[in-house]
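These notes concern the structure reproduced below.
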Amino acid sequence: MTTISKSIQGGEFLIRETDAQDVFIPEQFTEEQKMMAQACQDFIDTEITPNIEEIDSMKNPDLVPSIFKKAGELGLLGVAVPEEYGGLGMSFNTSMLIADIIGAAGSFSTTYGAHTGIGTLPILYYGTEEQKQKYLPKLATGEWAACYCLTEPDAGSDANSGKTKATLSADGKHYLINGQKMWISNAGFADLFIVFAKIEDDKNLTAFIVEKTFGGITMNEEERKMGIKGSSTRQVFFNDCPVPVENMLSERQNGFKIAVNILNIGRVKLGAGVLGGVRTVTSHAIKYSTERKQFGTSINSFGAVKRMLAEMAIRSYVSESLCYRAGQDIEDRMDALAAEGMSDADAKLKALEQFAIEAAIAKVHGSEVLDYVVDQGVQVYGGMGYSAEAPMERAYRDARIARIYEGTNEINRMLMVGMLLKRAMKGEINLFEPAMAVANELTAVPSFDTVDTSELFAAEKEVLKKLKKVFLMVGGKAAMALQDRIEDEQEVMMNLADVMIEIYAAESAILRTEKLVSIKGEEACKHQIAMSQVYLSEAVDKINAAAKEAIASFTKGDEQKVMLMGLKRFTKMDLINTKELRRQIADFMIEQGKYPF
C-alpha cells in the first residue's frame with residue numbers, strides 16, 4: 001500500500017526527483033486490464049466504425065442511444081462505479097485506459113465521456129447513500145443516460161456567474177428551477193441532468209439531480225457543430241422545473257466546488273481520452289504513406305514524410321507517458337487516504353484535488369498533441385486529407401473541441417500556475433526555498449564539476465534538473481516582481497505554464513523509457529530511447545523561448561542580463577542528431593505498418 005509520506009505531492013515534480021521505478025507505465029497493465037481494453041476496442045470495431053457515417057449524420061435519432069445502451073450492457077459505462085451500485089468497481093487507471101481506447105470512437109467518445117464523467121461522478125462522489133442507490137445502477141448499466149448542465153450563454157469559463165435560479169416552493173417540498181443552459185452534451189437523449197443553479201442571492205452555485213420526467217424542461221434543436229457531429233449537443237431551458245428538495249446534491253452553495261473537482265477528473269481523463277485517437281490517426285498516416293506513390297516510390301521514403309510520422313509518434317508516446325504517470329499518482333493517493341480511514345468518495349476527491357496541476361497538464365498536452373497529430377495526418381494524406389471520403393477530414397474537425405472543453409487550454413494554463421503559487425504561499429509545497437537557492441546560484445561562480453553521464457539517461461536527467469531551475473528562476477522572480485498582480489499578467493502565467501508542461505512531459509517520457517529498459521533491455525527499447533531524447537531536445541528549445549519571453553516582460557537592465565545568462569546556462573544541452581533519430585523511429589513504424597509503441 002502506498003503511504004502518503006512516500007508518494008509525491010501534486011506539483012512537486014518541479015522540486016523533487018522521481019525514481020523511474022515509482023512511476024506507472026502503460027506496459028504494466030495486467031491481463032485483466034488488457035482484456036477490458038480489448039473488449040472496448042472490439043466494441044468500437046463492431047458498433048462504431050461500421051456506423052460512423054450514420055452516427056455523424058444524426059439522421060437516425062435512435063442509433064447513438066442504442067449504441068450507448070450496448071456499451072452499458074458490456075459494462076463500459078460502469079468501469080468507475082463500485083460493484084454495489086451496479087458497476088465494475090475498477091481502478092482509476094483502468095478507467096483512464098478505457099477512456100484512452102474509446103478516444104478512437106470519434107463523436108461517441110464525447111457521448112461516453114460526458115455520461116461516465118461529468119454525468120455520473122457528481123452523484124458517486126457527492127450523492128447521499130439514497131441518491132447513489134437510486135441513480136447509479138441506472139447510469140452504470142446504460143438504462144439511463146446523463147448530462148451535465150453548467151454552461152450558460154454568459155457563464156462559460158466563469159461558471160460561477162450563472163444566472164439559473166432555484167426557488168423553494170411555498171410548501172417547501174420542491175425547488176423550482178428557471179434558466180438556460182447551453183452546449184449540453186447528451187441533452188437530446190438524457191434521462192438525468194446534473195443542474196447548477198443559485199438559490200436566492202447566494203454567491204455560489206448549488207447542484208441538483210434532475211430527472212427528465214420532472215417536467216418543465218424544453219430544448220432547442222441539435223446544435224450544428226464543426227466536429228463531433230454525432231454527439232448530441234443542445235440548449236436546455238428550465239421553466240419552473242420542480243425538483244424535490246431531497247434531490248439537492250451535497251450542500252447548498254457547494255455546487256461550484258463540485259464543478260471544479262469534477263472538472264479535475266474530466267481534465268486528466270481527457271488527456272487519456274485523446275490517446276486512442278492519436279494512435280489511430282498515426283496508424284492511418286503510416287498505412288497511407290506506404291500505399292501512396294509519387295515519383296515512382298512510396299511517399300514514406302521521403303525525409304519530410306518520415307519527419308512527420310516520427311513527430312506524430314514521439315508526441316503521442318510522451319502524452320501517454322505523462323497521463324498514466326499522473327493517473328497512477330492519483331490512484332496511489334486515493335489508496336493511501338482510504339487506508340488512513342477517509343471515506344472512498346472523499347479519498348478520491350482529495351486525491352484529484354491534490355493532483356489538479358497534473359490533471360491540467362494532461363488535458364493541455366493531450367489536446368495539443370491530438371491537434372498536432374490530426375494536422376500532420378491531413379498533411380501526409382495531401383489532397384486526400386481534405387476529402388470527406390478519407391478518415392483525416394473527420395478526425396481533424398473532431399479534434400478541435402478538445403482544446404476548448406473541460407476548461408480552455410488558456411484557462412488551464414493559468415490554473416496550473418495559479419494553483420502552484422497558492423500552494424507555495426500556504427506552505428503546502430516548498431517552492432520558494434529552492435527558488436531562492438537558484439537566484440543565489442545566478443550570482444555565484446558556476447561549478448565546473450563533471451557529471452558521470454555513462455549511465456542511460458544520466459545526461460538527460462542533468463538537463464531536466466537544469467530545466468526545473470529555469471522554472472524556479474523565472475517563476476520565483478515573477479512572483480517577487482509582480483506579487484498580487486501576477487494573475488493579471490496572463491501572458492507571463494502562460495509562459496510559466498509552458499515551462500511546467502514541457503518539464504513534466506519530457507521527464508515522464510524519460511522515466512517511462514528508463515523503467516521499460518529495466519524490464520526489456522536497452523536494445524529492445526532503442527526507439528523509445530530515441531523518442532525520449534528527441535522530445536527532450538525539443539522541450540529545451542520551447543522552454544528557452546517561453547522563459548525568454550517572460551523575462552523580457554518584467555525585468556530590465558542588469559537584472560535581465562543576469563537572468564538571461566542563467567537561462568543560457570540552464571538550457572544548455574549537447575546537440576543530438578534528431579534527423580537521424582526521427583528516421584530510425586519512422587522506419588520502424590513503416591516496417592510495423594502501424595503505431596507500434
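The values are calculated or read from the model by the stated rules, or taken from the named source; none is laboratory data. Because the structure is a prediction, the values reported are computed rather than measured. Neighbour counts run over all protein chains shown; Cβ positions are idealised from the backbone, glycine included.
Checked against (1) in a loop (DSSP other than H, G, I, E, B); (2) in contact with a Ser or Thr (Cβ under 6 Å, 6 or more places away or on another chain); (3) polar (S, T, N, Q), THR110 passes all but condition (1). Scanning region 408-446 for residues that are among the acidic types (Asp, Glu) and in a loop (DSSP other than H, G, I, E, B) returns a single hit, GLU428. Restricted to region 19-50, and to residues that are aliphatic (A, V, I, L, M) and more than 20 Å from the chain's Cα centre (by Cα), which residue is surrounded by the fewest Cβ atoms within 10 Å (Cβ to Cβ)? Per the stated criteria, the residue is MET35. Go through region 312-351 and give me each residue that's closer than 23 Å to TYR504 by Cβ, surrounded by fewer than 23 Cβ atoms within 10 Å (Cβ to Cβ) and among the hydroxyl-bearing types (Ser, Thr, Tyr). Once the filter is applied, which keeps residues that are closer than 23 Å to TYR504 by Cβ, surrounded by fewer than 23 Cβ atoms within 10 Å (Cβ to Cβ) and among the hydroxyl-bearing types (Ser, Thr, Tyr), region 312-351 yields nothing.
A single member of GLU487, GLU491, GLU514, GLU522 is within 21 Å of ASP541 (Cβ to Cβ) and assigned by TED's automatic domain parsing to the domain that holds THR555, and it is GLU491.
This table checks each residue for (1) in contact with a strand residue (DSSP E or B) (Cβ under 6 Å, 6 or more places away or on another chain); (2) modelled with pLDDT of 95 or more; (3) not assigned by TED's automatic domain parsing to the domain that holds ALA506.
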| position | (1), (2), (3) |
| --- | --- |
| LEU420 | no, yes, yes |
| LYS426 | no, no, yes |
| VAL474 | no, yes, no |
| ALA481 | no, no, no |
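Against the test of being touching a residue at least 24 places away in the same chain (Cβ under 8 Å), closer than 20 Å to ARG423 by Cα and either assigned to a helix (DSSP H, G or I) or not assigned by TED's automatic domain parsing to the domain that holds ILE585 (or both), the options LEU322, LEU337 yield a single qualifying residue, LEU337.
Each residue in region 375-430 was checked for being among the polar types (S, T, N, Q) and under 30 Å from GLU487 (Cα atoms), and 4 pass. Of the listed requirements (1) out of contact with any Phe, Trp or Tyr (no Cβ under 9 Å at 6 or more places or on another chain); (2) in a helix (DSSP H, G or I); (3) in contact (Cβ under 8 Å) with a residue 24 or more places away in the chain, GLY87 misses just one: (2). Beta carbons closer than 8 Å, at least 6 apart along the sequence or on distinct chains, pair a first residue in region 244-259 that is in contact (Cβ under 8 Å) with a residue 60 or more places away in the chain with a second that is among the aliphatic types (A, V, I, L, M) and part of a helix (DSSP H, G or I) for LEU249/ILE123; LEU249/ILE258; SER250/ILE258; PHE256/ALA159; ALA259/ALA159.
Quick grid of which residues meet (1) within 19 Å of GLU358 (Cα to Cα); (2) buried (at least 23 other Cβ atoms within 10 Å of the Cβ); (3) within 22 Å of the chain's Cα centre (by Cα); (4) in contact (Cβ under 8 Å) with a residue 24 or more places away in the chain:
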{"residue": "GLU489", "(1), (2), (3), (4)": "no, no, no, yes"}
{"residue": "ALA497", "(1), (2), (3), (4)": "yes, yes, yes, yes"}
{"residue": "SER508", "(1), (2), (3), (4)": "yes, yes, yes, yes"}
{"residue": "ALA524", "(1), (2), (3), (4)": "no, no, no, no"}
{"residue": "ILE529", "(1), (2), (3), (4)": "no, no, no, yes"}
{"residue": "SER532", "(1), (2), (3), (4)": "no, yes, yes, yes"}
{"residue": "LYS548", "(1), (2), (3), (4)": "no, no, no, no"}
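Could you say whether any residue in region 245-262 is in a helix (DSSP H, G or I), buried (at least 20 other Cβ atoms within 10 Å of the Cβ), out of contact with any helix residue (DSSP H, G or I) (no Cβ under 8 Å at 6 or more places or on another chain) and not acidic (Asp, Glu)? Scanning region 245-262, I find at least one residue that is in a helix (DSSP H, G or I), buried (at least 20 other Cβ atoms within 10 Å of the Cβ), out of contact with any helix residue (DSSP H, G or I) (no Cβ under 8 Å at 6 or more places or on another chain) and not acidic (Asp, Glu), so the answer is yes. The single condition among (1) without any contact (Cβ under 8 Å) to a residue 60 or more places away in the chain; (2) assigned to a helix (DSSP H, G or I) that LEU482 does not satisfy is (1).
For region 337-355, a tally of residues being farther than 24 Å from MET500 by Cα and not hydroxyl-bearing (Ser, Thr, Tyr) returns 11. Taken together, GLU507, GLU538, GLU514, GLU455 contain a single residue that is over 23 Å from MET589 (Cα atoms), assigned to a helix (DSSP H, G or I) and not hydrophobic (A, V, I, L, M, F, W, C), which is GLU507. When region 135-159 is filtered for residues that are more than 19 Å from LEU88 (Cβ to Cβ), of a type outside the set (Gly, Ala, Ser) and out of contact with any strand residue (DSSP E or B) (no Cβ under 9 Å at 6 or more places or on another chain), the ones remaining, listed by number, are ASP154, ASP158. Quick check on region 534-546: of everything there that is touching a residue at least 60 places away in the same chain (Cβ under 8 Å) and surrounded by 22 or more Cβ atoms within 10 Å (Cβ to Cβ), which residue is nearest to THR443 (Cα to Cα)? Among them, the one singled out is ILE543.
Within the set TYR405, TYR372, the sole residue that is among the hydroxyl-bearing types (Ser, Thr, Tyr) and at pLDDT 95 or above turns out to be TYR372.
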